[in-house]
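> Input: one structure, supplied below.
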């Protein structure tokens, strides 16, 4: 079924001319009045946009297979239901979205489950009404158990219990270790590991909160002297999927800094040297890393453009700004950037033009779980050995049309080209006493290839 959907999506992309122009704007969505931040449901079906001009949350159909793809969905219950809505986050379970309503010091909850009778309506959460102090940013832990909310009014962080089975569900927990610990907090993000939350403070620092429930310092601010003078004005931040790096935009210094967020690293919670990111931006504000961890998209408020950073540590252009002429136009005052869970699109709200631009990334990912074993084919007169290779189709990025298998790291010795509908291949007539290494890449309809996945074959099946 997943392969069928992938092929349908591929046909859609081909018919609409989207597969040939990576890093270009493929849709401009209108109907907003100062859009600011976006959160997309984990199933990639809907994007929820906070619209400060109308005090609403507007909903975009983000399902590429839908006939109304990249158009607004009617959600009258969310129109004018907020008071200066800003930060927003969707629950990993896909059932709800939490919205910071800054002017009435509340966090409102939206039902985002399409099968629910109250879909796209507000859920009653009286414990979250009027208990914050200018809430401006929110992040939810990967397990969906808690939400962390920055309060610009009193420089602290509130923690919401999101466990429906808890007696304190949808109320603010008592966390004295997070009271009054920040200075002008702007944005918050949580690592995919769920262990740390990073907060940008407009005074030039980045704060780190221990969000691991099993830690003795749970829900307290950690000592991070290497982050006390990060940038002139840190604003947006995005964390790589492996939780190892945090990309922080400097709205006043026109640069992007990278924080080492790997707790096993000797430079944990310090700013890394990235000279190629010290210039080339213009009041950068938003940041988003694609689900494959290979690219960061940066919105430039005064530059009226979006930059793309190579964030793949194995790349020759690691931590440099890539050339993307298709993103140097059609923006005026981009506010933020959000990458879709499928990795194919990036959504950019533009508060001056009152639009949301949609960027097609053109990303194609390698297959996963690439492995192999030696298979003995027994015939009447002889036994022939083969290397039996298997893999799993990528779940993010542009769907492949074929897989190419190579026998060398330089990807010049082609072993086979396999249709995307096939997820295995037998390399015949091999020596059972030798160890073999294979490299597989995904290939899309335009001939673009992914980075390789590697399989070493030494054991028998």
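> Whether any residue in region 401-418 is within 19 Å of residue 292 (Cα to Cα) and part of a strand (DSSP E or B) is what I want to check.
Yes, because at least one residue in region 401-418 is within 19 Å of residue 292 (Cα to Cα) and part of a strand (DSSP E or B).
> In this structure, is residue 408 out of contact with any strand residue (DSSP E or B) (no Cβ under 6 Å at 6 or more places or on another chain) and more than 30 Å from residue 42 (Cα to Cα)?
Answer is yes for this residue.
> A further question on this structure: If we keep just the residues of region 141-183 that are under 22 Å from residue 286 (Cβ atoms) and surrounded by fewer than 16 Cβ atoms within 10 Å (Cβ to Cβ), which is farthest from the chain's Cα centre (by Cα)?
If we take residues in region 141-183 being under 22 Å from residue 286 (Cβ atoms) and surrounded by fewer than 16 Cβ atoms within 10 Å (Cβ to Cβ), then 183 is farthest from the chain's Cα centre (by Cα).
> Scan region 216-262 for residues that are free of Cβ contacts under 8 Å to residues at least 40 places away in the same chain and outside any loop (DSSP other than H, G, I, E, B) and jot them down.
Of everything in region 216-262, those that are free of Cβ contacts under 8 Å to residues at least 40 places away in the same chain and outside any loop (DSSP other than H, G, I, E, B) turn out to be 225, 250, 255, 257, 260.
> Does residue 269 fit the bill of being in a loop (DSSP other than H, G, I, E, B), assigned by TED's automatic domain parsing to the domain that holds residue 202 and farther than 21 Å from residue 203 by Cβ?
It is false that residue 269 is in a loop (DSSP other than H, G, I, E, B), assigned by TED's automatic domain parsing to the domain that holds residue 202 and farther than 21 Å from residue 203 by Cβ.
> Would you pick out the residues in region 245-256 that are surrounded by 18 or more Cβ atoms within 10 Å (Cβ to Cβ) and out of contact with any helix residue (DSSP H, G or I) (no Cβ under 7 Å at 6 or more places or on another chain)?
Those that are surrounded by 18 or more Cβ atoms within 10 Å (Cβ to Cβ) and out of contact with any helix residue (DSSP H, G or I) (no Cβ under 7 Å at 6 or more places or on another chain): 245, 246, 247, 248, 249, 250, 251, 253, 254.
> Could you check residue 335 against (1) under 19 Å from the mean Cα position of the chain (by Cα); (2) over 18 Å from residue 189 (Cα atoms); (3) surrounded by fewer than 24 Cβ atoms within 10 Å (Cβ to Cβ) and say which number it fails?
It fails just one condition, (2).
> If I ask for residues that are surrounded by 21 or more Cβ atoms within 10 Å (Cβ to Cβ) and either at pLDDT 95 or above or on the phi > 0 side of the Ramachandran plot (or both), which ones from region 375-394 would you list?
387, 389, 391
> A further question on this structure: Look at region 60-86 and say how many of its residues are in contact (Cβ under 8 Å) with a residue 60 or more places away in the chain and farther than 26 Å from residue 106 by Cα.
4
> Quick one: which of 280, 326 is in a loop (DSSP other than H, G, I, E, B) and in contact with a strand residue (DSSP E or B) (Cβ under 9 Å, 6 or more places away or on another chain)?
From the options 280, 326, the qualifying one is 280.
> To continue, here is another question. Quick one: count up the residues across region 55-70 that are at pLDDT 95 or above and either buried (at least 18 other Cβ atoms within 10 Å of the Cβ) or in contact with a helix residue (DSSP H, G or I) (Cβ under 9 Å, 6 or more places away or on another chain) (or both).
Residues that pass the stated criteria total 9.
> Still on this model: Could you tell me whether residue 204 is assigned by TED's automatic domain parsing to the domain that holds residue 153 and assigned to a loop (DSSP other than H, G, I, E, B)?
yes
The values are calculated or read from the model by the stated rules, or taken from the named source; none is laboratory data. None of the values given here were measured: they were computed from a predicted structure. Heads up, the Cβs are rebuilt from the backbone with ideal geometry, glycines too, and the neighbour counts pull from every protein chain shown.
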